[in-house]
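Q: Before I ask anything, let me first share the structure, which is written out below as structure tokens.
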Amino acid sequence: MAEIEWWKRGVVYQIYPRSFQDSDGDGTGDLPGIHRRLDYLQDLGIDAIWISPVYPSPMADFGYDVADYCGIDPLFGTLEDFDALVAEAHARAMRVLLDFVPNHTSDRHPWFQESRSGRGSARRDWYLWRDPAPDGGPPNNWLSNFGGSAWTYDAASGQYYYHAFLKEQPDLNWRNEEVRAAMFDALRFWLRRGVDGFRVDVLWHLIKDAAFRDNPPNPFWRDGMPEIDRLLQVHSTDQAEVHEVVAGMRRVLAEFGADRLLIGEIYLPVARLVAYYGKNGEGAQLPFNFQLIHAAWNAETLARLIADYEAALPEGGWPNWVLGNHDQKRIAARVGEKQARVAAMLLLTLRGTPTLYYGDEIGLAHVEVPPEAVRDPWEKNEPGLGFGRDPERTPMQWDASPGAGFTTGRPWLPLSPDHSTRNVAVLDREPGSILGLVRALLALRRARPALGSGSFAAVRAEGAVLAFERGSGADRLLVALNLGHETAELETGAFAGGTLVLSTVHGAAPRPVPARLALAPDEGAVIAPG
Ligand code: TEU
């Protein structure tokens, strides 16, 4: 039997580089900082790091506005630092995934500078320029993700350019062959340096309706929702031709070996999401599945969602799960500190590749960012509505020192006020800490083939309990998660007489498992048969 691919068995850990580890006291994390923490990551038990953008950037959107696809921003270090990081990660059998941002560049990118220099520019068609509407307004009604029109007028040439995000992030024209070739070369640049794959930013955005038709109104839009959601993005995203582009990216990765990984950031309903696996698996190996981020946190909803997702996967399509990222309210803030432990058990026992967001392993929750400290452009554009993403991007907390071991300087975003007690050094010594639980879960996942690569069956909701079974040959496990805050019971069936091998409640395992197992409030359990 062929060896299972590393990324199927593996666990991905997302690093937001500004906030992971500062090495030079400027208050912003950097590559040498990540390098210093590789032992921590190895010891934690993860298999790959995905690093949010570190390319040269004016930082209008904190690196998601790239000014040079083949360099490292001095804020983060040098190419030599990067090469050293890759070498050291590989020496520890950890892979390195970069964030690739193909939908848009920075407005400072030389390509855009040239493109905007005039209608006759050789790179005019690299971006999306259109004439004004007859009334002089924008060419269509498309909106920016960060508020306002997605079109910005360029008086010098009398045309508008399209930007799905900030006006400092003009969208590239992926229908243009030269753009494709240039961007594929950027992928090759990093693959040659040993990068193991990419998380591709807003993959479903790359191709837009060729006729730029107006988007229809969203009948479900209500006050308080982001402005972008006033319209359904049927013409501005998820066009059929995007799948050729994804297949093209996969082919570039394949030039460097079959094990290079393509992860797609795609916010779409499952039925459309699974198309990104591509025909015959020629698309992304892992189109990000964000359902756990948006779903109501109860057993029935989650059981249905998990079953439906498993059923929707195409032949050969491998599942994946995500609890949080740098754009989403943290899991501990969404479900509370105790349920965050149950959520960690869910993420790390479901079938499929999990992606862990830095800081979730220490239970970082919502960090209040006062108006004067706000950095996120979305919060600045649509203030006070809770869209801002700073609260989930605050520095990692390593120890009880004033800078939390993150920096000797002034952190770019405030530390969580609990940093003197919630940090790696303290939690490492605290029996039953969330950090200890995450380590134990990662170790269990590695030790038990049922969890690492096994089958998935019998997902069900019994009252507040979400349960499912995993199996690989003789290795079988039952996962039972009490999503409620009261004691709840579960019929253990064939697992009666077995043992509880891991519990989210400190001191609760190991214990014998009766036919009707009582789970404590907020208790998750992994059970082995007798
Ligand atoms: O995010 C894409 C994206 O769609 C999010 O901004 C999303 O709309 C929002 O978080 C609500 O769910 C990616 C990056 O992850 C994000 O940080 C960038 O700002 C954005 O693309 C532009 O590159």
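The values are calculated or read from the model by the stated rules, or taken from the named source; none is laboratory data. Note that the structure is predicted; figures quoted are calculated from it, not measured. Here the Cβ positions follow ideal geometry from the backbone for every residue, glycine too, while neighbour counts run over all protein chains shown.
Q: Against the definition (over 24 Å from Glu114 (Cβ atoms) and within 16 Å of the ligand (Cβ to nearest atom)), how does Ile51 come out, yes or no?
A: Yes; evaluated as a whole, the condition is true for this residue.
Q: Here's another thing I want to ask about it. Can you find, within segment 130-170, the residue that is farthest from the ligand (Cβ to nearest atom) among those that are in contact (Cβ under 8 Å) with a residue 60 or more places away in the chain and assigned to a strand (DSSP E or B)?
A: Looking at the filtered set, the residue picked out is Arg130.
Q: Looking for whichever is at pLDDT 95 or above, within 16 Å of the ligand (Cβ to nearest atom) and within 20 Å of Ala467 (Cα to Cα) here; the options are Ala284, Ala295, Ala303. Which one fits?
A: Ala295
Q: Search segment 458-479 for residues that are not assigned by TED's automatic domain parsing to the domain that holds Ala344 and pair each with any residue that is buried (at least 23 other Cβ atoms within 10 Å of the Cβ) and part of a loop (DSSP other than H, G, I, E, B) when their beta-carbon atoms are under 6 Å apart and the residues are at least 6 apart or on different chains.
A: Ala464/Leu483; Leu466/Leu483
Q: Can you name every one of the helices (runs of 4 or more DSSP H) wholly within segment 226-305 that holds 2 or more residues which are touching a Phe, Trp or Tyr at 6+ places or on another chain (Cβ under 9 Å) and of a type in the set (A, V, I, L, M, F, W, C)?
A: Counting at least 2 such residues, we get 242-254, 270-273.
Q: Another question, then. Just give me the residues in segment 157-181 being surrounded by fewer than 16 Cβ atoms within 10 Å (Cβ to Cβ) and of a type in the set (Gly, Ala, Ser), in sequence order.
A: Selection gives Gly158, Ala181.
Q: Then there is this: Take segment 261-275 and flag every residue that is within 13 Å of the ligand (Cβ to nearest atom) and either touching a strand residue (DSSP E or B) at 6+ places or on another chain (Cβ under 9 Å) or not assigned by TED's automatic domain parsing to the domain that holds Gly197 (or both).
A: Ile263, Gly264, Glu265, Ile266, Leu268
Q: Which one is nearest to the ligand (Cβ to nearest atom) among residues in segment 188-203 that are in contact with a helix residue (DSSP H, G or I) (Cβ under 9 Å, 6 or more places away or on another chain) and outside any helix (DSSP H, G or I)?
A: Taking the candidates together, the pick is Val200.
Q: Separate question: So which residues in segment 204-225 are part of a loop (DSSP other than H, G, I, E, B), within 14 Å of the ligand (Cβ to nearest atom) and under 20 Å from Leu273 (Cα atoms)?
A: The answer is Leu206, and nothing else.
Q: If you don't mind, another one. Given the condition under 23 Å from Tyr357 (Cα atoms), within 16 Å of the ligand (Cβ to nearest atom) and at pLDDT 95 or above, answer yes or no: does some residue in segment 309-316 qualify?
A: no
Q: Are there any pairs, at least 6 apart or on different chains, whose C-beta atoms fall under 6 Å, with the first in segment 24-37 and hydroxyl-bearing (Ser, Thr, Tyr) and the second crowded, with 23+ Cβ neighbours inside 10 Å and in a helix (DSSP H, G or I), and if so, which?
A: Hits for this filter: Thr28/Arg18.
Q: Considering segment 89-107 alone, what residues qualify as being in contact with an Asp or Glu (Cβ under 8 Å, 6 or more places away or on another chain) and either within 14 Å of the ligand (Cβ to nearest atom) or within 18 Å of Ile72 (Cα to Cα) (or both)?
A: Val96, Leu97, Asp99, Phe100, Val101, Pro102, Asn103, His104, Thr105, Ser106, Asp107
Q: Given the conditions (1) touching a Gly at 6+ places or on another chain (Cβ under 7 Å); (2) in the same structural domain as Met183 (by TED's automatic domain parsing); (3) not basic (Lys, Arg), which single one is not true for Glu227?
A: Among (1) touching a Gly at 6+ places or on another chain (Cβ under 7 Å); (2) in the same structural domain as Met183 (by TED's automatic domain parsing); (3) not basic (Lys, Arg), Glu227 violates only (2).
Q: Another question about this same structure. Just one of Ala365, Ala373, Ala333 is in contact (Cβ under 8 Å) with a residue 12 or more places away in the chain, within 16 Å of the ligand (Cβ to nearest atom) and out of contact with any Phe, Trp or Tyr (no Cβ under 8 Å at 6 or more places or on another chain); which is it?
A: None of the others qualify; the one that does is Ala333.
Q: Then there's this: Of all residues being closer than 11 Å to Val200 by Cβ and not charged (D, E, K, R) in segment 259-276, which is farthest from the chain's Cα centre (by Cα)? Just the residue, please.
A: Ranking the qualifying residues of segment 259-276, first place goes to Tyr276.
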